[in-house]
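The values are calculated or read from the model by the stated rules, or taken from the named source; none is laboratory data. Everything numeric in this text was worked out from a predicted model, so none of it was measured. Backbone-built Cβ (ideal geometry, glycine too); neighbour counts: all protein chains shown. What goes into the accessible areas is simple: the full protein's heavy atoms, side chains included, and nothing from ligands, DNA or RNA. Shrake-Rupley method; radii C 1.70, N 1.55, O 1.52, S 1.80 Å.
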Amino acid sequence: MIYIKSTYDIELIKQAAAIWKKVRELLYRACKPGISLIALDEMAEKLIIENGATCSFYQYDGFPGHICISVNDQVIHGIPNDYIIKSDDLISFDVGVTYKGHVCDAAFTIHVDPQTNAPKLINEVTKQALDEAIKIIKPQNHIGDIGHTVETVAKQHGFEVIKGFGGHGCGNKLHEDPMILNYGKPHSGPEIVPGMTLCIEPMLMTDTDKYYIDKNNQWTVISKNHKLTCHWEHMVLVTNNGCEILTKER
């Protein structure tokens with residue numbers, strides 16, 4: 001079911017997004033060589049709780065982390081652990097914040113202490129795919145237009161998009177319809193209408209779209225060739241003539 005959000009819903013989603021932005025600022029400052037993933041997870045949890053919210057992902061279908069932290073070849077759903085961040089790591093943070101029953105969900109990637117160009121390139125292209133997809137989000141366009149745009153940008157730069165995972169509606173629940181794949185046919189899928197709140201999340205991979213799920217934790221999605229991957233996500237509100245990015249960068 002696609003939820004068209006009321007004024008009340010939108011106000012609470014925006015408050016959740018304001019807390020989400022505080023967490024992003026904290027993680028940008030803290031994500032440096034020498035810190036562990038679990039320490040970053042704990043910092044995010046503390047800040048979310050201090051702001052009167054809860055961690056949307058914690059125990060969602062049994063997920064053990066408070067946020068997702070995925071490293072290098074981990075596409076999504078990385079579980080925070082004792083891994084110590086190193087220079088040149090590509091660290092993707094996926095953060096969900098629930099405030100008074102309303103949810104903000106978005107993701108970003110940090111290239112830590114850059115040493116080589118490959119992480120920088122896939123990070124920039126994934127962000128470009130996100131930006132270009134957001135430009136076409138407006139009434140009378142279709143969900144398929146979003147995925148088509150993401151895949152077009154990825155292919156132009158020699159990257160692949162993951163199949164089987166993608167963006168989604170969000171706001172009244174963590175995961176709502178419609179599913180927003182990172183590939184698609186123009187003018188296909190549900191029509192975009194004002195009042196939708198959508199999570200657009202390009203997930204790019206290097207030289208393959210093949211992946212597997214970590215058999216030890218049954219969560220983390222890992223590139224089969226173990227090359228670099230990247231994940232970005234914004235949450236947007238569809239307006240009468242375009243969209244508002246609720247998780248806009250600093």
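Before moving on, here are some points about what is shown:
- Dipole magnitude of the chain, debye to nearest 20 (Cβ charges: Lys/Arg +1, Asp/Glu -1, about Cα centre): 240 debye
- Solvent-accessible area per residue for region 129-228 (1.4 angstrom probe, square angstrom): 44 Å²
- Relative contact order of the chain, pairs being alpha-carbon contacts under 8 Å that are 6 or more residues apart, as %: 22 percent
- The Stokes-Einstein estimate for region 1-115, based on a Kirkwood radius over Cα pairs and taken at 10 °C with 1.306 mPa s viscosity, is a diffusion coefficient of 109 µm²/s.
- Stokes-Einstein, applied to the Kirkwood radius of region 64-171 over Cα pairs at a viscosity of 1.002 mPa s and 20 °C, places its translational diffusion at 138 µm² s⁻¹.
- Normalised per residue, the volume of the convex hull around the Cα set of region 75-132 (Å³): 107 Å³
- Size of charge dipole - region 148-192 - debye, nearest 20, with Cβ of Lys, Arg +1 and Asp, Glu -1, no other charges: 100 debye
- Distance from the C-alpha centroid of region 217-240 to that of region 1-61: 16 Å, rounded to the whole angstrom.
- For the pair residue 32 and residue 81, label points projected 7 Å from Cα toward Cβ lie 2.6 nm apart.
- The fraction of all Cα pairs in region 103-228 landing in successive 10 Å bins from 0 to the largest distance is 13, 40, 34, 11, 1, given as whole percents.
- Relative contact order (percent, whole number), region 39-138, Cα cutoff 8 Å, 6+ residue spacing: 20 percent
- FRET efficiency estimate (nearest 0.05) - Cβ-Cβ, residue 215 to residue 191, R0 45 angstrom: 0.65
- Compactness of region 197-250 was expressed as the Cα radius of gyration divided by 2.2 N^0.38 Å, which yields 1.54.
- Peptides 151-160, 168-177, 210-219, ordered by how many other C-beta atoms sit within 10 Å of their residues on average, highest first, read 168-177, 151-160, 210-219.
- Reported value for the chain: 111 Å³ per residue, from the convex hull of its C-alpha atoms.
- Taking each residue as 0.36 nm, the span from residue 18 to residue 116 lengthens on full extension beyond its C-alpha to C-alpha distance by 31.9 nm.
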